[in-house]
C-alpha cells in the first residue's frame with residue numbers, strides 16, 4: 001500500500017500545486033507538509049480532513065490505492081455482500097467505488113425499518129438518488145416531504161439540505177446516492193477505511 005505522505009504528494013503534483021501554495025491555503029506550515037510528504041511525520045485527523053477538503057477528495061482516498069482500470073464495476077452480488085455486511089439497526093453507508101481523483105462518489109445506503117438518516121446531507125454539489133428496495137421519504141430543511149418508491153430516481157440541488165427517512169416500519173430501505181466527495185465526517189474515518197460506516201448524530 002502506498003504511504004499516506006506519498007499519496008498526498010501525488011495529489012499535490014497532479015493538481016500542479018507547490019508545497020508553499022498548499023501551506024498558504026490550508027494554514028499548515030511548508031516544513032510540515034515537506035515532512036509529511038516524505039512520511040517523516042504523522043498527521044492529525046483534523047488536518048487530514050482539511051487536506052481532503054482542500055484537494056476535494058474523500059479521506060479514504062488517502063488510504064486506498066487507485067485502481068489501474070479506469071472503469072469501476074460493482075456487481076449485484078457485491079452489492080448483496082455489502083448489504084449483509086453493513087449495520088442493519090439504523091442508517092448505514094457503503095462506498096461502492098473509490099478513486100483518488102473521483103469527481104463523484106457512489107454510496108450504497110441502507111436504512112432500517114422505521115429509521116432515518118440522523119442529519120441533513122450538506123453538500124456543495126447536486127445529488128442523484130436511486131431507490132433499489134423499499135420506500136423513502138425525502139425531507140428538506142424547509143419541511144417539504146417527497147415519497148419515493150422502488151425504482152424511483154430523485155435528483156436535487158444542494159440547497160435546501162435533505163435527509164432520508166424509511167417510509168416503512170416493516171421493510172428496510174436501500175438506495176444508491178451519487179454526489180461529489182467527501183461525504184463522511186471525522187468520526188467516520190476509521191470505519192470508512194473499510195469502505196462502510198454507520199451514520200451517527202455527529203456525522204455531517
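The values are calculated or read from the model by the stated rules, or taken from the named source; none is laboratory data. As the structure is a computational prediction, the values presented were derived from the model and not from experiment. Methodologically, a virtual Cβ is constructed for each residue, glycine included, from the backbone with ideal geometry; neighbour enumeration extends over all protein chains shown.
Quick look at the numbers
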{"item": "Subset tally (residues that are at pLDDT 75 or above and part of a loop (DSSP other than H, G, I, E, B)) for the stretch 73-87", "result": "3"}
{"item": "The lone exception for residue 44 - which of (1) modelled with pLDDT of 80 or more; (2) closer than 30 Å to residue 129 by Cα; (3) loosely packed, with under 12 Cβ neighbours inside 10 Å; (4) not assigned by TED's automatic domain parsing to the domain that holds residue 129 it fails", "result": "(2)"}
{"item": "Tally of residues being within 22 Å of the chain's Cα centre (by Cα) and in a loop (DSSP other than H, G, I, E, B) across the stretch 1-58", "result": "9"}
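Residues checked against (1) surrounded by 19 or more Cβ atoms within 10 Å (Cβ to Cβ); (2) in contact with a strand residue (DSSP E or B) (Cβ under 8 Å, 6 or more places away or on another chain); (3) at pLDDT below 80:
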{"position": "89", "(1), (2), (3)": "no, no, yes"}
{"position": "117", "(1), (2), (3)": "yes, yes, no"}
{"position": "125", "(1), (2), (3)": "no, yes, yes"}
{"position": "140", "(1), (2), (3)": "no, yes, no"}
{"position": "146", "(1), (2), (3)": "no, yes, no"}
{"position": "161", "(1), (2), (3)": "no, yes, no"}
